[in-house]
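The values are calculated or read from the model by the stated rules, or taken from the named source; none is laboratory data. These numbers come from a predicted model, not from an experiment. Cβ: placed from backbone, ideal geometry, glycine included. Neighbour counts: every protein chain shown.
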Amino acid sequence: MIFGSARNIAARYIGLQYRTLAMMDVRMLCLAALMGRPASGYDIKKELERGSATGLIDASFGSIYPALARLADEGYVAVTSEGTGARDRKVYAMTPEGRAHFLKTLAGPLPDEKYRSPFLFAMLFADELPRSRVKAMIDQQIAFWEEKIAAIDEMTPSRDTCAGESFVNGIGIATLRAGLHYLRRHRAAVEKAAQPDPRPVGASPSQTSYPGAAAPAAE
């Protein structure tokens, strides 16, 4: 499939050519999670899912454990075992060398930001999609951003956040609220530009066969 020039530029911007994160990114994320206290790989994954780093970088167990192993080989983390037998688990702690490496890396040049959004990529082609599908995607995105805002609001009072963490949380909420405002203000125009919903043979005008379509409003 060949995109038009404008769409191609936009697709690149929102992450069509988004590449898998380099190991350095995951290693830095692991070190960040270990700045406060020792943790297992499972603990690190959960912290990344609910902490201030949520949404900044994706990291799966398949990338976290190899990253921790490499950090241990380099002397940036120390590994101890807790429990015995089947209940044995590895706990990782940052070493002084690891802390120095982490802070030195942060003090250096930062890579360009990359933004990935399946929603925005799909919306590039809103004028080619059924109207019910476009409406459903926008509704889902609004619900998703509202949940993110609520999660940050709920997390912040329960944690002793430092100035940097409060700053990042504030930017996250401000960005999400701006996105919500834009979606609600401009959704009508992009929904109007979408294709009419396909109608099955014998169906009434209020019915649609497209998955994810909203139920017709009661009269």
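A few points about this structure:
- Residue in region 132-142 that is of a type in the set (A, V, I, L, M, F, W, C), in contact with a helix residue (DSSP H, G or I) (Cβ under 6 Å, 6 or more places away or on another chain) and either at pLDDT below 95 or surrounded by fewer than 11 Cβ atoms within 10 Å (Cβ to Cβ) (or both) present: no
- Every residue from region 77-100 that is farther than 16 Å from Arg37 by Cβ and either outside any strand (DSSP E or B) or not assigned by TED's automatic domain parsing to the domain that holds Ile44 (or both): Gly83, Thr84, Gly85, Ala86, Arg87, Asp88, Glu97, Ala100
- Number of the exception - Met35 against (1) assigned to a loop (DSSP other than H, G, I, E, B); (2) modelled with pLDDT of 90 or more: (2)
- Positions within region 70-83 being modelled with pLDDT under 95 and of a type in the set (Gly, Ala, Ser), in sequence order: Ser81, Gly83
- Unique residue being surrounded by 12 or more Cβ atoms within 10 Å (Cβ to Cβ) and either at pLDDT 95 or above or not polar (S, T, N, Q) (or both) when the list is Ala122, Ala178, Ala188, Ala215: Ala122
- Apart from one condition, Ile149 fits all of (1) modelled with pLDDT under 95; (2) more than 16 Å from the chain's Cα centre (by Cα); the exception is (2).
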